[in-house]
1. Counting only C-alpha contacts under 8 Å and six or more residues apart, can you give the relative contact order of the chain as a whole percent?
2. Using a Förster distance of 41 angstrom, determine the FRET efficiency expected from the C-beta separation of Asp23 and Asp116, and round it to 0.05.
3. I need the phi-derived Karplus couplings for the range 217-233: 6.51 cos²θ - 1.76 cosθ + 1.60, θ = phi - 60°, integer Hz, Gly and Pro marked x.
4. One-quarter of the Cα convex hull surface for the range 151-209, in nm²?
5. Residue farthest toward the positive end of the dipole of the chain, with Cβ of Lys/Arg at +1 and Asp/Glu at -1: which of Val253, Asn66, Pro280?
6. What FRET efficiency would be calculated for the residue pair Arg348, Ala203, taking the C-beta separation as r and a Förster radius of 25 Å, to the nearest 0.05?
7. How large is the Kirkwood hydrodynamic radius of the chain, counting all unique pairs of alpha carbons, in Å?
8. Could you compute the FRET efficiency for Asn71 and Lys128, with r as their C-beta to C-beta distance and R0 at 56 Å, rounded to 0.05?
Amino acid sequence: MSKELIRLSGVSVAFDGEIVLDDMNIHFNDKEFLTLLGPSGCGKTTTLRIIGGFLVPTAGDVFFDNVRINNVPPHKRQVNTVFQKYALFPHLNVFENIAFGLHLVRPKLSKKEIHDRVMEMLEIVSLKGFENRSVSLLSGGQQQRVAIARALVNRPRVLLLDEPLGALDLRLRKDMQNELKRIQQAMEITFIYVTHDQEEALAMSDTVVVMNEGKIQQIGTPEDIYNEPENAFVADFIGESNIVDGFMCADKVVEIFGRKFECVDGGFAPNEPVDVVIRPEDVDIVPEKDGMLTGTVTNITFKGVHYDIIVDFKGFKWLIQSTDPSPVGAKIGIKIDPDGFHIMKKSRYSGMFGDYSSYSAEYDEIGDLEYEPSENEAELEEEMRYDF
Ligand SMILES: Nc1ncnc2c1ncn2[C@@H]1O[C@H](COP(=O)(O)OP(=O)(O)OP(=O)(O)O)[C@@H](O)[C@H]1O
Ligand SMILES: [Mg+2]
């Protein structure tokens with residue numbers, strides 16, 4: 001098990017009386033790749049500034065190796081930062097840009113030591129042979145590597161990265177995600193990475209911290225966060241989710257739409273109201289007569305690997321993902337395995353997310369299958385025919 005390196009204990013930050021970080025309690029392990037993930041304005045950069053020493057918390061404490069460092073200035077912390085706008089010096093070459101990081105903090109190094117350190121960094125960021133190039137002649141991805149090398153050349157124990165790939169196009173972004181992971185493992189240091197891109201967070205991290213409105217919503221492995229979201233905000237922010245109101249009748253029995261279903265969760269009070277998450281890929285489309293629930297397809301969009309199918313269940317619209325198309329207007333049945341239901345406690349986010357009604361206008365416009373009226377125009381007598 002990795003050992004704890006940094007701890008934020010009850011950290012709050014307020015600007016002009018407005019709270020932007022609210023009682024954060026979190027620790028960061030040594031050699032861990034941890035990502036702060038959340039929408040714009042949720043407090044990600046503010047959290048990095050606290051760790052980097054650029055901002056003193058309004059309340060609470062910051063510990064590094066169990067020592068309180070609230071008032072330790074940035075250059076005395078074993079922490080460096082890479083920003084989205086990495087600001088290389090255009091008049092210096094690659095070598096000089098990287099060496100600049102050393103001159104700042106270690107002015108007493110010999111020429112040879114500087115040379116060896118810079119060369120070691122060029123190797124790590126895969127830029128060997130580029131040392132004499134002008135940085136203005138490098139691609140965006142290569143410039144980003146120089147910025148990372150400059151931040152790592154002092155051998156910090158922690159690298160803070162604030163949306164470092166934001167300026168790159170999608171393809172380069174994916175390549176750099178792998179590169180960053182490789183560099184973190186090669187250097188054996190802690191990376192604290194900030195992004196609002198959930199795919200990026202899931203792909204790169206050992207630990208993901210989901211934030212919203214200055215509060216930590218959940219801390220976990222990428223798998224935990226995806227499979228076991230703690231509230232409707234997390235379920236909605238990470239991947240696609242249908243979220244419906246339900247009741248826990250007993251352990252492993254949940255009621256939605258007035259029907260009981262077998263699930264795998266327990267530990268709730270009898271008849272406790274809950275939020276039920278059903279991921280689009282966990283729903284199987286079956287013939288209407290075999291369905292646990294039946295509904296009507298209102299939209300379908302081809303997404304490459306699968307189809308996004310919007311299905312209306314008595315006015316509730318779900319997103320279902322399937323490799324087989326179902327035409328608009330079709331009456332279908334669905335089946336969900338017990339582990340396809342994920343049960344969450346009610347939260348302040350209940351009822352705010354997880355319904356796909358608002359997506360339908362958008363899907364209407366981009367839906368690429370023609371509308372095919374159902375042959376059976378009669379109203380469904382009973383849409384929900386599943387008895388547990
Ligand atoms: N120096 C400041 N003075 C006043 N308000 C600030 C200051 N710095 C940040 N804020 C506010 O604090 C909140 C959190 O800002 P922060 O920069 O941490 O968000 P973020 O999660 O990094 O967002 P983004 O993804 O857009 O970069 C925002 O509402 C922001 O306007
Ligand atoms: Mg930010």
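1. Details: 803 pairs, mean separation 56.1, N = 388.
This gives 14 percent for the chain.
2. It comes out at approximately 0.35.
3. 9, 6, 10, x, 5, x, 5, 4, 5, 6, 7, 10, x, 7, 8, 5, 4
4. Values: hull surface 16.1 nm².
Hull-based average projected area comes out at 4.0 nm².
5. Result: Asn66.
6. Values: r = 29 Å, r/R0 = 1.17.
FRET efficiency, Arg348 to Ala203: 0.30.
7. Value: 23.8 Å, from the Cα pair sum.
8. On the way: r = 41 Å, r/R0 = 0.73.
Calculated transfer efficiency: 0.85.
A short reminder: the numbers here are calculations on the coordinates, not readings from a lab. Keep in mind it's a predicted model, so treat the numbers as computed, not measured. Virtual Cβ from ideal backbone geometry, glycine too; neighbours counted across all protein chains shown.
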